[in-house]
Amino acid sequence: MVALAQTENDAAGFADRLIIHSPGSGEKLGEAPVMDAAEVQAAVARARAAQVAWGALSVKERCAALRAFRIKVVQNADALARAVSSENGKPLQEALTHDVLPFCDLMAYFEHRAPKILAPQAIHLHFMIQRRSYLHCVPRGVVGVIGPWNFPFSIPIGDAVMALFAGNATVIKPSEVTPLIALKAKQLWDETCRDEPRLHPDLIQIVTGRGLTGAAVCTSGVNQVMFTGSVPTGKKVAVACAERLIPCVLELGGINPAIVTADADVERTAHAILWGAFANSGQVCASISRVYVARPIAERLTQRVVELTASLQQGDPLNADTELGAMTFLPQIAIGQGILDDTIAQGGRVRCGGTPNGRFFPPTVLDNVEHGWRITRDESFSPLLAFISVDDTETAIRCANDSDKGLMAYVFCGDEEHGARIAERLEAGTTMVNNAIDSHGAPGTPWQGMKESGLGQVHSAQGLRDLCQVRHVQTRSWVPWLTKELWWYPYSPKVYGAFLQVMRVMWGGGPLDSFLRKVGK
Ligand code: NDP
């Protein structure tokens, strides 16, 4: 395996173009412009103009039109997977099954369901029984999407198509580390638009650049921001959106715990933890990084994970049998190395793996670790996995929840029902029982973080509705002949007394009250 030197891309500094090299081979892949605030505003203006006709289509028409893009992506799936793997350094199979495949599933899922999810919803008005109320979903306008480098296709392009299903146009700012895949997606979008007249090329805009370009998206007049990235940047985005009173969805970092009870199936748990910790070289917001394992099975589980780790193939990401590729972002290696060094200095034992070799960080298993050390608090975004032995499940739950983040949590347990009870007590946006990390691939479920891991959600019916203004309309329904409502002027002791009487009869605990509760009114 070749130890690669820092590439030109990592050293790009403030040059006015992004120069992208493959983390795996060092080969130059391409360039992208660094766009300034004026260029971002121009992109937003183009998107806004295209959104008018798009937003006027019915949801069903939009879904039918978007199907063409999904088919185009499937036709180009192999080329896209290769492009993701080359630019990001993840294994080819992960590029296909973590980026391209879930994107296609997301599209197919919402093509079928968006019309129902976004259909007007009636509201029962309870006391104001003479009225009719409903909610209807209206596109927000232009949605800014700011993405990270670890899932350079499925996250920004997936967020963008959700915004499109909701009737918006989008302006996507990909990470400066992986802009080429977004440009490739845009090229496929433009090709699709040639064959599908309801789609307009300007509905998707790509603005490439560094942090300042991302900041410009937030201040460019967009109507909502969907941000995925680190906690510090997410806070800046939240402030920028708050100043403009526009909503933002924030999907931020995690330091995700797994709890393993004494009755867990060691073989499945070992395989799940292995994949959950080392997929994409640990550069996954949902990665398993700290395992609180019941002491009686701790050594057996750790040893099995170590054995399985030894069999993983690390190397050229473009080989179809490679299981760990290259680290995408050079500074991340130093962060991981720093956390590893701290753990060793505090008494942690390296069971396998260790020092990175250029861009390649070996999958590293540590035990003898104590809760509270940096490895249990800071996101390493590297293939580092810490085992912490605990005496009981209560201690494991307390340690798992003792974090300022709450993205994902995992429970490995012999009894799924018992596992679900533990899961309900964990402070995480999603907790998986006897499974690992792939919940983002289930588009019907919400993807969301608690505490510093985020605000709002993507995916799911609610995530789609959140991309709309949900407006409320109220009409008179079956009493249009009433010239005025009873609580309008004039006021009088008689009306006052009548309302008192109505309240006593309806809600005072008498027979009508009991009847109404019984029939659910
Ligand atoms: P960053 O926060 O560094 O960057 C995210 C995006 O924000 C990039 O496009 C970046 O541009 C842009 N950006 C930088 N500064 C600003 C700014 N001031 N205003 C607006 N945008 C800005 O995150 P990473 O790309 O390093 O991604 C890794 C992080 O993302 C990890 O913490 C990981 O946990 C998290 N993540 C969370 C996920 C979730 O769903 N919860 C999923 C995937 C990752 P540029 O790259 O050009 O600097």
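The values are calculated or read from the model by the stated rules, or taken from the named source; none is laboratory data. What you are looking at is a predicted structure, and each value in this text was computed from that prediction instead of being measured. Because the Cβ atoms are built from the backbone with ideal geometry, glycine has one as well, and the counts that use them run over all protein chains shown.
Would a scan of segment 441-453 turn up a residue that is surrounded by fewer than 11 Cβ atoms within 10 Å (Cβ to Cβ), at pLDDT 95 or above and not small (Gly, Ala, Ser)?
Among the residues of segment 441-453, not one is surrounded by fewer than 11 Cβ atoms within 10 Å (Cβ to Cβ), at pLDDT 95 or above and not small (Gly, Ala, Ser), which makes the answer no.
Would segment 354-376 turn up any residue that is under 30 Å from VAL239 (Cα atoms), at pLDDT 95 or above and in a strand (DSSP E or B)?
Looking for residues that are under 30 Å from VAL239 (Cα atoms), at pLDDT 95 or above and in a strand (DSSP E or B), one finds none in segment 354-376, hence no.
Scan segment 463-521 for residues that are modelled with pLDDT of 95 or more and touching a Ser or Thr at 6+ places or on another chain (Cβ under 8 Å) and jot them down.
Hits for segment 463-521 are HIS472, VAL473.
Yes/no matrix, rows are residues, columns are (1) surrounded by 10 or more Cβ atoms within 10 Å (Cβ to Cβ); (2) closer than 26 Å to ILE123 by Cα; (3) free of Cβ contacts under 8 Å to residues at least 60 places away in the same chain:
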site	(1), (2), (3)
TRP481	no, yes, yes
LEU486	yes, yes, yes
PRO493	no, no, yes
TRP507	yes, yes, yes
LYS518	no, yes, yes
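Condition check ((1) farther than 20 Å from ARG62 by Cα; (2) in contact (Cβ under 8 Å) with a residue 40 or more places away in the chain; (3) crowded, with 24+ Cβ neighbours inside 10 Å) across all residues:
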residue: MET128; (1), (2), (3): yes, no, no
residue: VAL138; (1), (2), (3): no, yes, no
residue: VAL142; (1), (2), (3): no, yes, yes
residue: PRO152; (1), (2), (3): yes, yes, yes
residue: ILE155; (1), (2), (3): yes, yes, yes
residue: ALA160; (1), (2), (3): no, yes, yes
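Any idea which of GLN337, GLN314, GLN332 is in contact (Cβ under 8 Å) with a residue 60 or more places away in the chain and surrounded by 17 or more Cβ atoms within 10 Å (Cβ to Cβ)?
Only one candidate qualifies: GLN314.
Among the residues that make up segment 408-427, is at least one of them within 15 Å of the ligand (Cβ to nearest atom), in a loop (DSSP other than H, G, I, E, B) and out of contact with any helix residue (DSSP H, G or I) (no Cβ under 7 Å at 6 or more places or on another chain)?
Checking segment 408-427: not a single residue is within 15 Å of the ligand (Cβ to nearest atom), in a loop (DSSP other than H, G, I, E, B) and out of contact with any helix residue (DSSP H, G or I) (no Cβ under 7 Å at 6 or more places or on another chain).
Among what's in segment 213-240 and is more than 10 Å from the ligand (Cβ to nearest atom) and of a type outside the set (A, V, I, L, M), pick the residue that is farthest from GLU379 (Cα to Cα).
Among those that are more than 10 Å from the ligand (Cβ to nearest atom) and of a type outside the set (A, V, I, L, M), it is GLY221.
Looking at ARG210, ARG295, ARG244, which is the one that is within 15 Å of the ligand (Cβ to nearest atom), more than 30 Å from PRO331 (Cβ to Cβ) and in contact (Cβ under 8 Å) with a residue 24 or more places away in the chain?
Within the list ARG210, ARG295, ARG244, the selection yields ARG244.
Is there a residue in segment 472-491 that is touching a His at 6+ places or on another chain (Cβ under 9 Å), assigned to a loop (DSSP other than H, G, I, E, B) and not β-branched (Val, Ile, Thr)?
Scanning segment 472-491 turns up no residue that is touching a His at 6+ places or on another chain (Cβ under 9 Å), assigned to a loop (DSSP other than H, G, I, E, B) and not β-branched (Val, Ile, Thr).
Show me the helices (runs of 4 or more DSSP H) entirely contained within segment 7-98 in which 1 or more residues are closer than 19 Å to ILE155 by Cβ and within 23 Å of the chain's Cα centre (by Cα).
59-75, 77-88
Being of a type outside the set (S, T, N, Q) and in a loop (DSSP other than H, G, I, E, B) is the filter here; which residues of segment 169-200 pass it?
Answer for segment 169-200, where residues must be of a type outside the set (S, T, N, Q) and in a loop (DSSP other than H, G, I, E, B): PRO174, GLU176, VAL177, PRO179, GLU196, PRO197, ARG198, LEU199, HIS200.
Need a quick list: strands (runs of 3 or more DSSP E) entirely within segment 117-163 having at least 2 residues that are within 16 Å of the ligand (Cβ to nearest atom).
Of the strands (runs of 3 or more DSSP E) lying wholly inside segment 117-163, those with at least 2 residues that are within 16 Å of the ligand (Cβ to nearest atom) span 142-146.
Check GLY315, GLY372, GLY336, GLY347 and return the single one that is small (Gly, Ala, Ser) and within 16 Å of the ligand (Cβ to nearest atom).
GLY336
For segment 206-215, state whether one or more residues are within 23 Å of TYR109 (Cα to Cα) and assigned to a strand (DSSP E or B).
There is no residue in segment 206-215 that is within 23 Å of TYR109 (Cα to Cα) and assigned to a strand (DSSP E or B).
Among SER389, SER380, which is the only one that is within 16 Å of the ligand (Cβ to nearest atom), among the polar types (S, T, N, Q) and out of contact with any Phe, Trp or Tyr (no Cβ under 6 Å at 6 or more places or on another chain)?
Result of the check over SER389, SER380: SER380.
Pull out all pairs, ordered by first then second residue, where Cβ-Cβ is under 6 Å, the residues are six or more apart or on different chains, the first lies in segment 83-102 and is over 15 Å from SER25 (Cβ atoms), and the second is outside any helix (DSSP H, G or I) and at pLDDT 95 or above.
ASP99/PHE151; ASP99/PHE153
Hey, among the residues in segment 164-178 that are of a type outside the set (Ser, Thr, Tyr) and within 8 Å of the ligand (Cβ to nearest atom), which one's nearest to VAL52 (Cα to Cα)?
This residue is LYS173.
Just give me the residues in segment 195-207 being within 15 Å of the ligand (Cβ to nearest atom) and either free of Cβ contacts under 8 Å to residues at least 60 places away in the same chain or under 20 Å from the mean Cα position of the chain (by Cα) (or both), in sequence order.
ILE206
Among the residues of segment 295-317, are any farther than 30 Å from SER22 by Cβ and outside any helix (DSSP H, G or I)?
No: zero hits.
Could you check VAL293 against (1) within 26 Å of the chain's Cα centre (by Cα); (2) outside the structural domain of ALA79 (by TED's automatic domain parsing) and say which number it fails?
(1)
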